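The values are calculated or read from the model by the stated rules, or taken from the named source; none is laboratory data. Treat the numbers as computed from the prediction; the structure is a model and nothing was measured. Methodologically, a virtual Cβ is constructed for each residue, glycine included, from the backbone with ideal geometry; neighbour enumeration extends over all protein chains shown.
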Amino acid sequence: MSCFGKGSGIKNSRVNLRFVKRALTCLHFSGLDITTLGDKSFTISSKDTKYYIWYNLDGAGVDPAHSGTGIEVVISSTDSTNQVAEATRAAIDAITGIESTRENSEVQVEVLEVGEVFAPSEDIDSGIAVNVYSSGFDVDLGLLEGDIEYSFETSFTDIPAHQTGSSVVDRIVSGKTVSISTVLLEFDKTRKDILMGLIGGEYTDSNSNVLSGFGSGQYGKSVRNLSGTLLAEPINGDSCHKKAIWLAFPDITSISHAQEDPYKVTIEWTSYEDFNKPSEIDVIAFGDYEDLLNGQSA
């Protein structure tokens with residue numbers, strides 16, 4: 001459906017902002033003794049169901065009957081780790097709403113719908129390394145101060161020529177970055193836990209006090225892994241003016257305590273290309289993005 005039609009084009013453009021992310025788990029099979037996997041298992045979850053993945057080794061397996069829905073993986077004691085990884089990938093990929101891919105002995109499991117899953121993935125007794133990169137989230141950023149303005153910066157590579165000396169004869173578009181500044185007026189525990197969980201850290205002292213903040217423990221981490229999707233949703237429901245920055249990094253730049261003004265938290269958002277989205281719109285998309293957001297369209 002086209003977003004352009006007759007009329008002046010003047011619209012009320014107030015929006016709500018949501019910050020969302022899919023759940024992502026990586027399974028590592030390298031170095032695993034395949035002969036020990038019989039009846040052993042680990043767990044993964046969709047948004048509403050917990051699954052335990054268990055191994056039937058050489059046809060002698062018995063379902064361990066853990067809590068949740070059992071998914072059987074048939075393997076042989078002579079299989080390689082890559083073959084076991086592939087069998088695991090295929091079994092998980094058959095679950096509705098979950099996508100599983102493999103590279104050698106590593107399997108990536110992604111829930112296609114954004115939001116928190118039923119339970120974090122974990123190993124039960126298989127010995128498989130289960131690394132949870134994200135358990136997913138979907139949080140409304142609440143009341144915001146001021147206007148929401150998107151800034152666009154295009155990068156170019158200049159093309160000089162021998163014949164023209166220092167004169168530039170052409171330019172090649174080499175990148176596009178979108179940035180946005182927001183001031184949150186409702187930085188409650190849910191929003192703090194999600195944002196600090198991404199870009200900050202937590203420490204529990206000897207008295208079980210949980211402290212969150214910033215420190216050197218975050219140095220060296222990939223900004224791409226610390227990013228989520230920033231969604232702008234018009235209050236009037238106009239899907240043509242929805243916006244999705246697929247991979248947006250939230251940088252908390254200031255926290256303000258004032259005598260009369262409300263508590264404020266300023267976040268600067270910066271975009272990165274999302275290699276899993278179509279190249280035509282892999283930085284930002286305008287329009288009804290829901291199918292792409294929840295893996296219903298490639």
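Taking Tyr133 and the conditions (1) touching a residue at least 60 places away in the same chain (Cβ under 8 Å); (2) aromatic (Phe, Trp, Tyr); (3) in contact with a Gly (Cβ under 7 Å, 6 or more places away or on another chain), which numbered condition does it fall short on, given that it satisfies the others?
Exception for Tyr133: condition (3).
Kindly list the number of the only condition in (1) among the polar types (S, T, N, Q); (2) assigned by TED's automatic domain parsing to the domain that holds Lys221; (3) in a loop (DSSP other than H, G, I, E, B) that fails for Thr154.
Against the list (1) among the polar types (S, T, N, Q); (2) assigned by TED's automatic domain parsing to the domain that holds Lys221; (3) in a loop (DSSP other than H, G, I, E, B), Thr154 comes up short only on (3).
Specify which of the listed residues (Leu247, Leu293) is closer than 25 Å to Ser46 by Cα and in contact with a Lys or Arg (Cβ under 7 Å, 6 or more places away or on another chain).
Leu247
Can you tell me which residue within region 259-292, out of those that are part of a strand (DSSP E or B) and either outside the structural domain of Lys192 (by TED's automatic domain parsing) or aromatic (Phe, Trp, Tyr) (or both), is surrounded by the fewest Cβ atoms within 10 Å (Cβ to Cβ)?
So, considering only residues that are part of a strand (DSSP E or B) and either outside the structural domain of Lys192 (by TED's automatic domain parsing) or aromatic (Phe, Trp, Tyr) (or both), the one surrounded by the fewest Cβ atoms within 10 Å (Cβ to Cβ) is Phe286.
Condition first: free of Cβ contacts under 8 Å to residues at least 12 places away in the same chain and part of a strand (DSSP E or B). Now tell me which residues in region 171-202 satisfy that.
Glu202
Looking only at residues that are among the aliphatic types (A, V, I, L, M) and in a loop (DSSP other than H, G, I, E, B) in region 93-107, which one is nearest to Ile44 (Cα to Cα)?
Checked region 93-107; the qualifying residue nearest to Ile44 (Cα to Cα) is Ile95.
Do we have any residue at all in region 252-259 that's within 15 Å of the chain's Cα centre (by Cα) and closer than 17 Å to Gly228 by Cα?
The answer is no; no qualifying residue exists.
Just to be sure, is Glu116 buried (at least 16 other Cβ atoms within 10 Å of the Cβ) and among the charged types (D, E, K, R)?
Answer is yes for this residue.
Which of the residues spanning region 204-224 are free of Cβ contacts under 8 Å to residues at least 12 places away in the same chain and either hydrophobic (A, V, I, L, M, F, W, C) or more than 28 Å from Asn276 (Cβ to Cβ) (or both)?
The answer is Thr204, Asp205, Ser206, Asn207, Ser208, Asn209, Val210, Leu211, Ser216.
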